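Participant: Pasting in a structure now, in structure tokens, and then I'll have a few things to ask.
The values are calculated or read from the model by the stated rules, or taken from the named source; none is laboratory data. A quick note: this is a predicted structure, and the numbers were derived from the prediction, not measured. Cβ placement follows ideal geometry from the backbone for every residue including glycine, while neighbour counts extend to all protein chains displayed. Just the protein is used for accessible areas: all its heavy atoms, side chains included, with ligands, DNA and RNA removed. Shrake-Rupley method; radii C 1.70, N 1.55, O 1.52, S 1.80 Å.
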Amino acid sequence: MSRRTDFGSRLLLLATIAAVAGASAPADFRAAGYAPAAEPRSRDTLRVRMVERASRVGRTLARGAVVHGYLSPRGLPPVKGRFTVTDSGLVFLSADGSTARFPLVGPLRGAIGRRWRATTVSLAYIDDANGRPAYVFRVDAGVFETDVPGGLLEVAAHPLWLDSLAPVEWATDRPLVSSADTAALWATARNITAGTYADSLYALFGTPRAPVGLIGPRGRAAGRLGEYVGSRDSLALDPARMMGASQLRHTLAHELGHRWQARAPGQVAALWSGIAPIRDPKRYGYGSLSEHQAEAIAFAINFLQTTASRSEPVASSITLLDHYELLVPGTRTMVRYLALQPIYRGHPLAGLLTTGRVRE
């Protein structure tokens, strides 16, 4: 089968699924909340060791290096930009002009007469899904993906010069809302579910019957940022454990993705045929089909919202989608399905995503 025919068949399947109403979920359906997953050992351990050993032998000069790629902070969708390696840390400059700083190493440690600094940058794994090696580094509570790792390989191998760096205070992220401010917690949860962003999600996945609530003690103990309970058709959020508006929006999309699963399990299952599992054992959704699907839905929503303006070239947008797909497989399928819905009819990529042709 040719690539063009395969693409057309896939789109036909998406259109057919879009036209069929899914069956209702059982009354006691309960989707797991947005919580950390287990972290089994990576399957790329040997390959990572080989790259690190090569880096130690090469002893490239990492300081001053500029590495282009995509940063996915706190499990959120990747943002295009570049890292610059300095003596005081890593500086990430995103394509939209915002910056983020990360230390190269952690506090000074010592044992049995030896002193060292804890590594804060490490090579997680290498992915060949897009036809060329993509290096995925762990940086703080996120990952940075690049196909030209340059000086980051030396940093990940922890060369001796890192242990001689002066101490750098780790930046402490402030939560979106204080856990002690009950009024602000309620206002934040209600505002995100009553704005235009939420209206877009409701047009796709429907509106929960019950008003939004706050995560209770058991949910907080489990580390959940959000939870959808199908039996009550209710949604709960925990803004006090979120580090910004983007994480709040992502959680809302993720949990409403669970609502779609509950209301149309057959539809979601048909879309999911042939989707590969998440490779990163530390990414949310690893090893859980339900959470993986909800993450792909939330990634797809983010992509369509991010590319809704006509400022970005089509080629850049499609490349960005490749990087979303690399981190969370199934994102591309969800993007193509959602692009068929009326709310995205005027999206600049709708024609390309649904017919394979660029809209004039």
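Participant: What do you reckon, is Tyr337 farther than 23 Å from Gly266 by Cβ, assigned to a helix (DSSP H, G or I) and open to solvent by less than 20 Å² (accessible area, probe 1.4 Å)?
Facilitator: no
Participant: Follow-up question, since we're still on this one. On the basis of being buried (at least 18 other Cβ atoms within 10 Å of the Cβ) and in contact with an Asp or Glu (Cβ under 7 Å, 6 or more places away or on another chain), does Thr354 make the cut?
Facilitator: So Thr354 does not fit the description; no.
Participant: Condition test on Arg101, is it in a loop (DSSP other than H, G, I, E, B), open to solvent by 50 Å² or more (accessible area, probe 1.4 Å) and touching a residue at least 40 places away in the same chain (Cβ under 8 Å)?
Facilitator: Considered against the rule, which asks whether it is in a loop (DSSP other than H, G, I, E, B), open to solvent by 50 Å² or more (accessible area, probe 1.4 Å) and touching a residue at least 40 places away in the same chain (Cβ under 8 Å), Arg101 comes out as no.
Participant: Being polar (S, T, N, Q), within 30 Å of Gly106 (Cα to Cα) and touching a helix residue (DSSP H, G or I) at 6+ places or on another chain (Cβ under 7 Å) narrows it down to one of Ser178, Ser200, so name that one.
Facilitator: Just one listed residue meets the conditions, Ser178.
Participant: Is it the case that Ala308 is assigned to a loop (DSSP other than H, G, I, E, B), touching a residue at least 24 places away in the same chain (Cβ under 8 Å), closer than 29 Å to Val177 by Cα and aliphatic (A, V, I, L, M)?
Facilitator: So Ala308 passes the test.
Participant: A further question follows. Give all pairs with beta carbons closer than 8 Å in which a residue from region 191-209 that is within 15 Å of Leu304 (Cα to Cα) and modelled with pLDDT of 95 or more meets a residue that is open to solvent by 30 Å² or more (accessible area, probe 1.4 Å) and assigned to a loop (DSSP other than H, G, I, E, B); count only pairs at least 6 apart in sequence or on separate chains.
Facilitator: Filtered contacts from region 191-209: Ala203/Gln341; Leu204/Gln341.
Participant: Can you pull out the helices (runs of 4 or more DSSP H) entirely within region 176-255 that have at least 2 residues that are under 21 Å from Gln341 (Cα atoms)?
Facilitator: Qualifying helices (runs of 4 or more DSSP H): 196-205.
Participant: Next question. Anything in region 193-219 that is under 21 Å from the mean Cα position of the chain (by Cα) and either open to solvent by less than 20 Å² (accessible area, probe 1.4 Å) or of a type in the set (Lys, Arg) (or both)? List them, or say none.
Facilitator: Result: Ala198, Leu201, Phe205.
Participant: Separate question: I'm checking my understanding of the structure. Among residues of region 54-98 that are open to solvent by 80 Å² or more (accessible area, probe 1.4 Å) and over 22 Å from Val328 (Cβ atoms), which one is modelled with the highest pLDDT?
Facilitator: Arg82
Participant: Inside region 340-360, can you point out the residues that are assigned to a helix (DSSP H, G or I), among the hydrophobic types (A, V, I, L, M, F, W, C) and under 23 Å from Ala294 (Cα atoms)?
Facilitator: Ile343, Ala350, Leu353, listed by residue number.
Participant: Also, quick follow-up: Can you tell me which residue within region 220-232, out of those that are surrounded by fewer than 17 Cβ atoms within 10 Å (Cβ to Cβ) and not basic (Lys, Arg), is farthest from the chain's Cα centre (by Cα)?
Facilitator: Among those that are surrounded by fewer than 17 Cβ atoms within 10 Å (Cβ to Cβ) and not basic (Lys, Arg), it is Ser231.
Participant: Among the numbered conditions (1) surrounded by fewer than 18 Cβ atoms within 10 Å (Cβ to Cβ); (2) assigned to a loop (DSSP other than H, G, I, E, B), tell me where Gly285 comes up short.
Facilitator: Checking Gly285 against (1) surrounded by fewer than 18 Cβ atoms within 10 Å (Cβ to Cβ); (2) assigned to a loop (DSSP other than H, G, I, E, B), the one that fails is (1).
Participant: Please indicate, with yes or no, whether at least one residue in region 313-320 is surrounded by fewer than 17 Cβ atoms within 10 Å (Cβ to Cβ) and assigned to a loop (DSSP other than H, G, I, E, B).
Facilitator: Scanning region 313-320 turns up at least one residue that is surrounded by fewer than 17 Cβ atoms within 10 Å (Cβ to Cβ) and assigned to a loop (DSSP other than H, G, I, E, B).
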